[in-house]
Ligand SMILES: O=C(O)[C@H](O)COP(=O)(O)O
Ligand SMILES: [Mn+2]
Ligand SMILES: [Mn+2]
C-alpha cells in the first residue's frame, strides 16, 4: 500500500486560514428560463462570486461521476464520492450492469445461496427495490435480468415488493414501469409452472427508503406491508396506483401510500415468511441501510418488527463496508480507498463536516467512500443538525441557518484546518417539484453563503463553493428534442422532480490571495476537488488524483 503521508506542495505553502468547502446540494447551472429556480432566485452573494471570484463549472454527471453513460444525471452518492475521493470510480449502476453482462452476479455466492434456499424450502424468492430506470438507487433492467435468471434455474415462486419512484424519473411515470414488469412476469408465468407476482408497494418517500435515520416510521410502514402483508389490499399494482391517484389527483408517485396485493379472498399474496430469500435490488446505500438493518440486526430496536422471519437476505451491494451491511451482497461495491479525509488525518490536519440529517451522511459516509466511521476521532468532528420531517416545500429554508451558525462558531474557534458542509435546500425542495419553494430554497443558501464570506475573510481562509449535481436549475420537464417546457393537460408546465444533467458552479473565494483557475485542466469535474483542497492546504496530491483546479 502506498504511504498516506503526502509531500508538501511543490510551490504553495498552504493558506494561513481554513479551507472551507460548501456543497450546495442540487444547485446546478442551467438554461436561463422560467423553470430555473437557481437563475430566478435573488442570489446577490452567488452573483458576486461569479463575477469577482475565480470561477468555472464542473461536470457532475455521467462518466465524469463514474456512471454508465452521459445520459445519467448525477446524484449525491456519486457526486460526494467524487468530491471526497479525488478520482472517479465506476459506480454501482455500472458495476451491476457489468456483473449482469458477464454473468458474475449469478455466479456469486449470494445469488447461489438465495436460489438454494428457496429451492429447498419451496418458499418464494422476494425482490424488493425501487421500480424505475432512474439509475440512482436501482434500475428496472437489473430486476428484469434477475427474474429471467431465477426462472432459468427453476425458481417457481417470486414476489416483488415495488417501491414507486417519481423522484429520479418523471413525477407520475409509475405505470410505465408497472407495465414493463407485468410484461416480464406474464412472459415467465405464461410458460407454465411459475408463480411470479407483485406482492406490495408504495411511494418511496412514504415507505421503506428512509435515510440517515430521519424517519424510522417510514421503514416500519414498509416492513408491515412487505413482511407482514398488513395494509390496504388491491388486486394488482396497476389497480393500486390508479385507485390511489383517483382518490387524490394531486399525489405524485413518490408520495403514494403503501399497499399490499391480495388474492380473490382478500389474502395478501406475498408476506415474507420463514424459509424465503429476500434480495434488495437497490445498489445505493443511504436509503437501503435502514430496511437492511431491520432484516439483519438481531438487536434491532427502532420499531417492533413482530416475529422476525428467518430469511436469507442480501443486498444488491454492500451498503456500508465498515458495518458490513448487509453481510451478503450480489455485487461488490466500488473499492473507494485513500480518500481526502484519510490523507488529511495522516497529514495531521483537522476536519469538520456538517449538514442536516437529510444530507448528513453525504458529507460523512459518501464523502469518505461509503464508510460510516471516522478515520480518526481526535482529528475529525462531525455535526448533524436534525432535519424537519414535514414536506420541505413548506419550509424551504430547511436548516441552512443552523448549519451556518454551527459552522461559523467552529470557524471562529479555529480548531480545524478543513471544513465541509452541505446545504440540502436546492435538492430536497427541488425534488418536490414546487418551483416557487425552490426559488426560496436557493435564496436561503445564498443568504447563508453571504454570512460565511466575512468570517472566512477575517480568518484569511478560502471558501470553495460548489454543488454535487443539478436539480433546482430545472423545475419543469423539457421536451428532449426542442428544449421547450413539457405541459400538463391544462397547458401549465409539467413540474420536474428529478436531478439534471447540468454542470455545477465552482467559485474560489480567497480574499488576499491571487489564485486563478487552472484552465489547462481537461474536463474539470467534481473529482478534481480532492487535489484542490490538498493544494490549498499546501500538500501535493497523490499521483492518481485528478489535478487541482487552481493554477500554480
Ligand atoms: O434519494 C433521493 O432523494 C434521490 O433519489 C436522489 O437525491 P440525492 O442523490 O440528491 O440524494
Ligand atoms: Mn445531492
Ligand atoms: Mn437529490
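Let me have the relative contact order for the chain, percent, based on Cα pairs under 8 Å that are six or more residues apart. List each step's numbers first, then the result.
Values: 1309 pairs, mean separation 156.2, N = 552.
That works out to 28 percent.
State the Kirkwood hydrodynamic radius of segment 285-425 in Å, one decimal place, computed from all pairs of distinct Cα atoms.
Across segment 285-425, the inverse of the average 1/r is 17.0 Å.
Which of the peptides 107-115, 316-324 is most tightly packed, and how do the rest follow, judged by the mean count of other Cβ atoms within 10 Å per residue?
Averaged packing, sorted descending, gives the order 316-324, 107-115.
Report relative contact order for segment 412-481 in percent, whole number only (criteria: Cα-Cα under 8 Å, sequence separation at least 6). Before the final figure, lay out each step's value.
Values: 36 pairs, mean separation 27.9, N = 70.
40 percent.
With a cut-off of 8 Å between alpha carbons and a minimum separation of six or more residues, what is the relative contact order of segment 128-214 in percent?
34
Which value in nm describes the separation of the simple spin-label points at residue 102 and residue 451, placed 7 Å from the Cα toward the beta carbon?
Going by the 7 Å Cα→Cβ label model, 5.0 nm.
Taking 0.36 nm per intervening residue step and subtracting the Cα-Cα distance, what contour gain separates residue 216 from residue 156 on full extension?
Working: separation 60, 0.36 × 60 = 21.60 nm, distance 3.36 nm.
Stretched fully, the residue 216-residue 156 segment lengthens by 18.2 nm.
Calculate the all-directions average of the projected area of segment 137-192's alpha-carbon convex hull, and give it in nm².
Here the figure is 4.0 nm², rounded to one decimal.
Please report the base-10 log of the normalised intensity I(q)/I(0) for segment 3-111, using a Debye sum with one equal scatterer per alpha carbon and no solvent, at each q in 0.16, 0.20 (1/Å).
These q points yield log10 I(q)/I(0) values of -0.98, -1.20.
Strictly greater than 40 Å: what percent of every Cα pair in the chain meets that? Present the calculation step by step, with values, prior to reporting the outcome.
Numbers: 36654 of 152076 pairs.
Of the Cα pairs, 24 percent sit more than 40 Å apart.
Suppose the chain between residue 232 and residue 414 were pulled fully straight at 0.36 nm per residue; how much longer would it get relative to their current alpha carbon spacing?
Answer, rounded to one decimal: 60.0 nm.
Multiply the residue separation of residue 50 and residue 109 by 0.36 nm, subtract the distance between their alpha-carbon atoms, and state the gained length in nm to one decimal.
Between residue 50 and residue 109, full extension yields 16.1 nm more.
Modelled label-to-label distance, residue 489 and residue 179, 7 Å Cα→beta-carbon offset: nm?
Modelled inter-label distance: 1.7 nm.
Can you compute the FRET efficiency between residue 460 and residue 378 using 1/(1 + (r/R0)^6), with r the Cβ-Cβ distance and R0 = 25 Å? Round to the nearest 0.05. Display every interim value, and only then the final one.
Working: r = 25 Å, r/R0 = 1.00.
FRET efficiency, residue 460 to residue 378: 0.50.
Provide the convex hull volume over Cα atoms per residue for segment 462-524, in Å³.
Per residue, the Cα convex hull of segment 462-524 comes to 125 Å³.
What angle, in degrees between 0 and 90 and rounded to the nearest 10, separates the Cα long axis of helix 400-413 from the longest principal axis of the Cα atoms of the chain?
40
Any chance you could give the angle, 0 to 90 degrees and rounded to 10, that helix 140-152 forms with the longest Cα principal axis of the chain?
Here the helix axis deviates by roughly 40 degrees.
With both partners inside the chain, how many of the DSSP beta bridges are antiparallel, as a percent to the nearest 5?
So the antiparallel bridges in the chain amount to around 25 percent.
In whole Å, how far is the Cα centre of segment 123-188 from that of segment 241-303?
A separation of 13 Å, based on Cα centres.
If I model segment 93-315 as equal point scatterers sitting on the Cα atoms and use the Debye formula, what is log10 I(q)/I(0) at q = 0.08, 0.09, 0.15 Å⁻¹?
-0.25, -0.32, -0.96
Output the 0 to 90 degree angle, nearest 10, between the alpha-carbon long axis of helix 435-458 and the longest principal axis computed from the alpha carbons of the chain.
The angle comes out at about 40 degrees.
So what's the back-of-envelope 222 nm ellipticity for the chain, counting only DSSP H runs of four-plus at -39500 (n - 2.57) apiece and dividing by all residues, rounded to 500?
Numbers: 17 runs with 173 residues, N = 552.
Calculated at 222 nm, the ellipticity per residue is -9500 deg cm²/dmol.
All of the numbers you see were taken from the coordinates with simple rules; none came from a lab. On a predicted model such as this, the values are computed, not experimentally measured, just so you know. In this analysis, Cβ positions are derived from the backbone assuming ideal geometry, glycine residues included, and neighbour counts consider all displayed protein chains.
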